[in-house]
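Values quoted throughout were computed directly from the atomic coordinates according to the rules given, and no laboratory measurement underlies them. Every value quoted in this text rests on a predicted model; they were computed, and no experiment measured them. Methodologically, a virtual Cβ is constructed for each residue, glycine included, from the backbone with ideal geometry; neighbour enumeration extends over all protein chains shown.
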Amino acid sequence: MSRKKYGESSTTSSCLAIPSFVLRSNLASYDSFLYSCVVFLRRKQSIDDGSSRRENVTRAYALYREAMAYWLLKTEPSTYSFDNLVADGTTRWDGVRNPLALKHIRSMAKGDRAMIYHSGNEKAVVGMAEVTRAPYPDPKIGNPMMVVIDIRVKARLTNNVSLAAIKKRKEFASFELVRISRLSVMPVMPKMWKLLMSMASGEKRLQAARS
């Protein structure tokens, strides 16, 4: 697939059976296109717009699932910090109420990776986690729209990556962390994930994170 801008393209529709509403949205970038497709495919078992052949769905899902497996989760460290996650090992990620943040949670899958970001005074990416259970209704609330995930600690970043440093890089201009300051859950496109990892100089082993 070429990395070109997508609009009303019959070629794109025929080769991947992408639903017409995605094409009509006139998405401006390849990354946004991938994100819209993976959200759609995760919410439906098949595409029902007249071109829903199973092989196309499987092929498209495999491609977009690989491309969209990274997230950022914000937390106020005085409430629940990365050190708390290290001590617990695993936790239920709850307390999210923003509609867009909940939409992002509903798009997650077991095995996805997430960066943990400390909000408040710190404002920095500090560690990594893995989604261990797909989204499910918060058992404390009883509202099926209020979903949560389970995560486990993976590693501590070698160096924290501050919001100030992120804002200085033009590559992050479209990042929701920069554009929507109050959003607590957001996707991280693969190229941004790699850049963040580079800025952090990698990660420390899990054993080091637990020390």
Based on the mean of other Cβ atoms within 10 Å per residue, sort peptides 88-101, 144-157 so the most packed one is first. 144-157, 88-101
In the neighborhood of Arg133, defined by Cβ-to-Cβ distances under 9 Å, what is the net charge if each Lys or Arg adds +1 and each Asp or Glu adds -1? +1
Amide H proximity to Glu76 below 5 Å, modelled H, separation 5+ or other chain, gives Ser119
For the range 70-210, with only Lys/Arg (+1) and Asp/Glu (-1) charged at the beta-carbon, what is the dipole magnitude about the Cα centre, in debye rounded to 20? 400 debye
Tensor-based shape of the range 62-183 (alpha-carbon gyration tensor, a/c under 1.5 rounded, otherwise prolate or oblate): rounded
Once you order the gyration tensor axes a ≥ b ≥ c over the Cα atoms, which shape class does the range 128-188 get: rounded for a/c under 1.5, otherwise prolate or oblate by comparing a/b with b/c? oblate
